[in-house]
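Each value in this text was obtained by applying a stated rule to the coordinates, not by laboratory testing. Note that the structure is predicted; figures quoted are calculated from it, not measured. Backbone-built Cβ (ideal geometry, glycine too); neighbour counts: all protein chains shown.
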Amino acid sequence: MDWKTWEQEEAQRYKPGTPVQLKRNGGKIYYVEEYDPMMVPPVWLENYPKPCYPEELRILSNLFCLLPKKELQVA
């Protein structure tokens, strides 16, 4: 695989809106704000002060298990 293909695949994995967790403190969910291959590190997260390397992140693929349950009240 050449460099350009690898870079495009990584950009696709970390596209804006992708939910991720930091591996070092995995409780909070962040969303990718921007992936910029010209920056080192290249991944910026919403509401997180500094960019991250992809190896610091865990991509979350199934968030349905994390959605809060709503209880409906019947009148």
Restricting to segment 14-36, what's the tally of residues that are surrounded by 15 or more Cβ atoms within 10 Å (Cβ to Cβ) and either basic (Lys, Arg) or touching a residue at least 40 places away in the same chain (Cβ under 8 Å) (or both)? 4
Within the bounds of segment 24-31, is there any residue that is closer than 16 Å to Leu60 by Cβ, in a loop (DSSP other than H, G, I, E, B) and in contact with a Pro (Cβ under 6 Å, 6 or more places away or on another chain)? yes
Within segment 37-60, considering residues that are among the hydrophobic types (A, V, I, L, M, F, W, C) and under 17 Å from Gln8 (Cα atoms), the one surrounded by the fewest Cβ atoms within 10 Å (Cβ to Cβ): Met38
